[in-house]
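Novice: Before anything else, here's the structure in question.
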Ligand code: ASP
């Protein structure tokens, strides 16, 4: 037998009993004639004890144990002389009578402790050692609990878990597909699903009524920090439902997860339209843990001779409470430069300080009287000690820049509190988004999303050849996102279930009828065999886990993640394949390219 107990199990009640433990040597300390070893497994750490009374040969072997050796010990549990209150097993230790080395270990390339000396790349290369560390191990255990609770809740609600294929044909969700060459069909390729979208809709046509799946999705997107080319969704679809019923079901799931796993009672989730979110926060995923909503000044600032404001489509700002004194001129200059970096792209920033002594000071004091500045302050609800930051320009980009500034102030002044959770539903997204570069519309969510009922007739009746793009910008969709603390946790929509409307939507998106039929004929065909009204949602599972734990990065919630270049540095993928393999797959181009070089 390898063990009678785990390394996290022994307490005072076990004192006097003989036990067997197996695990890894976390550390060894020799103090005079006494040797202590911390033995670790997934469940915890137990202290092993050897002294002069221990058999000499055994003591010698104990003295040679290196870090991460795998051992099995037998001994008697006894109360410790000096207890460790920070450890659940800290009241006891095991006086070792037998020791067997099950496997030796090379010296690990970094310390396998909560605080490690290993850098990111090294930890990824030896991920199996990294996962032995508590902070990583606990995140994986946490993830497992979230998955199990999700299954429990959805099963309880009558959802059925159905697996959908990974080798499919492209689904357009806005990213590039990963493709898999077919050996049996020369020159043909499967695509890995960006999501099971079309399959879950077909399951609704098939009468499955309530579907879910915790499923891998694959998107070949340009690499951004904290994006993974493969990630996991909690993917769901329901038939005969309104948007309201979907929101309530998944608000229920979210509350259940927070309650069961974090013992946090979330309040009912507020709803905000997309337009309102953009107007008040400049973002479709506002972080509601703090205020600093936008205030618009257009009517108060025009015709003052200050060209920047006079020529702007929007003049708007935020009020940072009680921080006027913490911004010197130098600080403000730095902040302005930060806003002017190409990533944000603001032209400049105006500030107004309302000093504690009642005086007002502004970078545009030349153009505006104190009375005018005070009138702005009133609109912001500013108090003595507050500072206003104001941006101006084209409305959409100004809002985005101001949103970045708002978040920066939130970070800087510690307003995004850990353990504070502020969920909300953002609803009524636009159906389409105009892409200047390609001169076409893109689906804001995806091409299967239904316009709102009141917009359907207009869409169906429009002659696409005569329509102008601006005729469609105001179409609204039954599409929604769940946002928690400024992170998009999930998104979904009511779907089109009528062939004619789906065809119209493809036309709007610039597909020829032939292209639409070729790519999505199977779905539109299914719509002709009694497709029920349906809709659904998908949660980003990795992101949900990270947000629940107040973490920025999803990486540690994934057992074997890719690095920022999309590589798995442990198994070294992607990698070239053998010439014969390429040949079998009928991939001549890559081979040719190789020979050329
Ligand atoms: N398939 C969508 C996505 O991955 C979610 C949905 O509409 O249900 O974002």
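The values are calculated or read from the model by the stated rules, or taken from the named source; none is laboratory data. Everything quoted here is computed from the prediction, not taken from an experiment. No Cβ is skipped: glycine too gets one built from the backbone with ideal geometry, and neighbour counts run over all protein chains shown.
Novice: Does residue 424 satisfy the criteria of being within 22 Å of residue 548 (Cα to Cα), under 28 Å from the mean Cα position of the chain (by Cα) and not in a loop (DSSP other than H, G, I, E, B)?
Specialist: Details: within 22 Å of residue 548 (Cα to Cα): yes; under 28 Å from the mean Cα position of the chain (by Cα): yes; not in a loop (DSSP other than H, G, I, E, B): yes.
Yes.
Novice: Also: Scanning for something away from the ligand (no atom under 16 Å from the Cβ) and surrounded by 15 or more Cβ atoms within 10 Å (Cβ to Cβ), does segment 230-252 turn up at least one residue?
Specialist: no
Novice: Could you tell me whether segment 268-278 includes any residue that is surrounded by fewer than 21 Cβ atoms within 10 Å (Cβ to Cβ), under 21 Å from residue 159 (Cβ atoms) and in contact (Cβ under 8 Å) with a residue 60 or more places away in the chain?
Specialist: Within segment 268-278, one or more residues are surrounded by fewer than 21 Cβ atoms within 10 Å (Cβ to Cβ), under 21 Å from residue 159 (Cβ atoms) and in contact (Cβ under 8 Å) with a residue 60 or more places away in the chain.
Novice: With 67, 40 as the choices, which residue is closer than 18 Å to residue 132 by Cα, surrounded by 14 or more Cβ atoms within 10 Å (Cβ to Cβ) and in contact (Cβ under 8 Å) with a residue 60 or more places away in the chain?
Specialist: Numbers: 67 fails: in contact (Cβ under 8 Å) with a residue 60 or more places away in the chain.
Every option except 40 fails the conditions.
Residue-wise test of (1) within 30 Å of residue 449 (Cβ to Cβ); (2) more than 33 Å from the chain's Cα centre (by Cα); (3) within 16 Å of the ligand (Cβ to nearest atom); (4) modelled with pLDDT under 95.
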| position | (1), (2), (3), (4) |
| --- | --- |
| 513 | yes, yes, no, yes |
| 525 | yes, yes, no, no |
| 540 | yes, no, yes, no |
| 547 | yes, no, no, no |
| 558 | yes, no, no, no |
| 564 | no, no, no, yes |
| 578 | no, yes, no, yes |
| 592 | no, yes, no, yes |
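Novice: Can you tell me which residue is surrounded by the fewest Cβ atoms within 10 Å (Cβ to Cβ) among those in segment 453-499 that are within 16 Å of the ligand (Cβ to nearest atom) and in a loop (DSSP other than H, G, I, E, B)?
Specialist: Looking at the filtered set, the residue picked out is 497.
Novice: Identify all residues within segment 231-266 that are free of Cβ contacts under 8 Å to residues at least 60 places away in the same chain and part of a helix (DSSP H, G or I); write none if there are none.
Specialist: We begin by selecting, within segment 231-266, every residue free of Cβ contacts under 8 Å to residues at least 60 places away in the same chain; these are 244-245, 248, 255, 259, 263, 265.
244, 245, 248, 255, 259 - these are the residues of segment 231-266 that are free of Cβ contacts under 8 Å to residues at least 60 places away in the same chain and part of a helix (DSSP H, G or I).
Novice: Just to check your reading of the model, which residue among 99, 140 is modelled with pLDDT of 95 or more, under 21 Å from the mean Cα position of the chain (by Cα) and surrounded by 12 or more Cβ atoms within 10 Å (Cβ to Cβ)?
Specialist: Details: 99 fails: under 21 Å from the mean Cα position of the chain (by Cα).
From the options 99, 140, the qualifying one is 140.
Novice: Then there is this: Can you find even one residue in segment 209-216 that is part of a loop (DSSP other than H, G, I, E, B) and either at pLDDT 95 or above or away from the ligand (no atom under 16 Å from the Cβ) (or both)?
Specialist: Taking segment 209-216 and keeping what is part of a loop (DSSP other than H, G, I, E, B), we get 209.
If we keep only those that are either at pLDDT 95 or above or away from the ligand (no atom under 16 Å from the Cβ) (or both) too, we end up with 209.
Yes.
Novice: Mind checking which residues of segment 432-452 are part of a loop (DSSP other than H, G, I, E, B) and either out of contact with any strand residue (DSSP E or B) (no Cβ under 7 Å at 6 or more places or on another chain) or at pLDDT 95 or above (or both)?
Specialist: Filtering segment 432-452 for residues part of a loop (DSSP other than H, G, I, E, B) gives 436-439, 444-448, 450, 452.
Passing the criteria: 436, 437, 438, 439, 446, 447, 448, 450, 452.
Novice: What are the residues in segment 305-331 that are farther than 19 Å from residue 293 by Cα and in contact with a helix residue (DSSP H, G or I) (Cβ under 7 Å, 6 or more places away or on another chain), if any? Spell out how you get there, then give the answer.
Specialist: Step one: of segment 305-331, the residues farther than 19 Å from residue 293 by Cα are 305-312, 325-331.
Of everything in segment 305-331, just one residue is farther than 19 Å from residue 293 by Cα and in contact with a helix residue (DSSP H, G or I) (Cβ under 7 Å, 6 or more places away or on another chain), namely 309.
Novice: Scan segment 179-205 and report the pairs whose first residue is at positive phi and in contact (Cβ under 8 Å) with a residue 40 or more places away in the chain and whose second residue is more than 10 Å from the ligand (Cβ to nearest atom) and in a loop (DSSP other than H, G, I, E, B), with Cβ atoms within less than 9 Å and a gap of 6+ or a chain change.
Specialist: Close Cβ pairs (under 9 Å, with a partner that is more than 10 Å from the ligand (Cβ to nearest atom) and in a loop (DSSP other than H, G, I, E, B)) amount to 187/586.
Novice: Here's another thing I want to ask about it. Given the conditions (1) over 30 Å from residue 202 (Cβ atoms); (2) modelled with pLDDT under 95, which single one is not true for residue 585?
Specialist: Among (1) over 30 Å from residue 202 (Cβ atoms); (2) modelled with pLDDT under 95, residue 585 violates only (1).
Novice: Look through segment 158-194, keep the residues that are surrounded by fewer than 19 Cβ atoms within 10 Å (Cβ to Cβ) and closer than 22 Å to residue 240 by Cα, and return whichever of them is farthest from the ligand (Cβ to nearest atom).
Specialist: Looking at the filtered set, the residue picked out is 158.
Novice: May I ask you to list the residues in segment 434-443 that are within 16 Å of the ligand (Cβ to nearest atom) and farther than 19 Å from residue 497 by Cβ?
Specialist: Taking segment 434-443 as the starting set, the residues that turn out to be within 16 Å of the ligand (Cβ to nearest atom) are 442-443.
Passing the criteria: only 442.
Novice: Give me the pairs, please: first residue somewhere in segment 423-436 and closer than 13 Å to residue 481 by Cα, second residue anywhere and at pLDDT below 95 and not in a strand (DSSP E or B), beta-carbon distance under 9 Å, and either six or more positions apart or on two chains.
Specialist: From residues that are closer than 13 Å to residue 481 by Cα, the pairs are 429/444; 429/445; 430/444; 430/473; 430/474; 430/475.
Novice: If you don't mind, there's one more thing I want to ask. Is there any pair linking a residue in segment 283-295 that is more than 14 Å from residue 409 (Cβ to Cβ) to one that is part of a loop (DSSP other than H, G, I, E, B) and at pLDDT 95 or above, with Cβ under 7 Å and at least six apart or on different chains, and which?
Specialist: 285/486; 288/422
Novice: Residue 82: loosely packed, with under 13 Cβ neighbours inside 10 Å and within 30 Å of residue 250 (Cα to Cα), yes or no? Quick ask: steps written out before the conclusion?
Specialist: Details: loosely packed, with under 13 Cβ neighbours inside 10 Å: yes; within 30 Å of residue 250 (Cα to Cα): no.
No.
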